[in-house]
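What follows is a set of notes on a single structure, which appears directly below.
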Amino acid sequence: MLFPTAALVLAAGALVAAQTPAGFTPEVAARLDLVFGAKTVTVPGTSLTKAETAKQPTIGTTDAVLNGTYLWMMIGGTCKHTATLRNQHQLSWTPGEAKTITHALPNPSPANFQNPSAGGRRTNLHAMLTGFKASSSSSSAGDVGAVHALATSATGPVAYTGPAPPAETPAHPHRYVSLLYETPAAGFAVTRAQVGQTLGFNLATFVAAVGLGAPVRANYFNVTG
């Protein structure tokens, strides 16, 4: 029968497009693999612990070797609530006009990438490093094969800080989104002043200020306090 086949194709397409959280804009279809010691985030939304994510992950890809120069960032977000958000910029947590959405966002208000100061919870930039290039090393990624690692000697403009969500009642997961942007091979630099504040980090303002395009790879994981 044709219908079940078509449904499977649509379902597969949805999985491919789900490297960023539901409602996250811009949507990123290509996966960035994250290796935390013995744990590899190949499935977006994987749950990890604070201990497992305390050290900066190795980042890379399993489907192709990337030959450009890249900027990697990790932004903290949260989940478990019904919220109303309005998109006023192409880079926002929820696309489209004001609407009620149900994802897994927290109560009080979720972290809002379009308006970082809105609500009771704000975005938090956990890492931003430049100069990533293909490395000769690789890491195991379980059933999906080896991760072609990207490496950099840079330690900034924002050094990695691991997730540290507080204990909450009831407990709920916090999202941590990794974004990979291709940058010019020569002459590209980001100053600490261009990043701005890390707590309440404004993704849209930063991307516009330094002239980045859309992210080429992404992934996210959850950590519960």
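The values are calculated or read from the model by the stated rules, or taken from the named source; none is laboratory data. Predicted, not measured: the structure shown is a model, and the values here were computed from it. Using ideal geometry, Cβ is built from the backbone for each residue, glycine included, and neighbour counts are taken over all protein chains shown.
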> LYS80 passes all but one of (1) in a loop (DSSP other than H, G, I, E, B); (2) touching a Pro at 6+ places or on another chain (Cβ under 7 Å); (3) modelled with pLDDT of 90 or more; (4) of a type outside the set (Ser, Thr, Tyr); which number fails?
Replying inline: (3)
> Hey, PRO215 hits all of (1) in a strand (DSSP E or B); (2) under 14 Å from MET74 (Cα atoms); (3) modelled with pLDDT of 95 or more but one; which does it fall short on?
Replying inline: (1)
>> Being farther than 16 Å from TYR70 by Cβ and free of Cβ contacts under 8 Å to residues at least 60 places away in the same chain is the requirement here; does ALA171 meet it?
In response: yes
>> Condition first: in a loop (DSSP other than H, G, I, E, B), within 15 Å of LEU129 (Cα to Cα) and either touching a residue at least 60 places away in the same chain (Cβ under 8 Å) or under 19 Å from the mean Cα position of the chain (by Cα) (or both). Now tell me which residues in region 184-200 satisfy that.
In response: PRO184, ALA185, PHE188, VAL190, GLY196, THR198
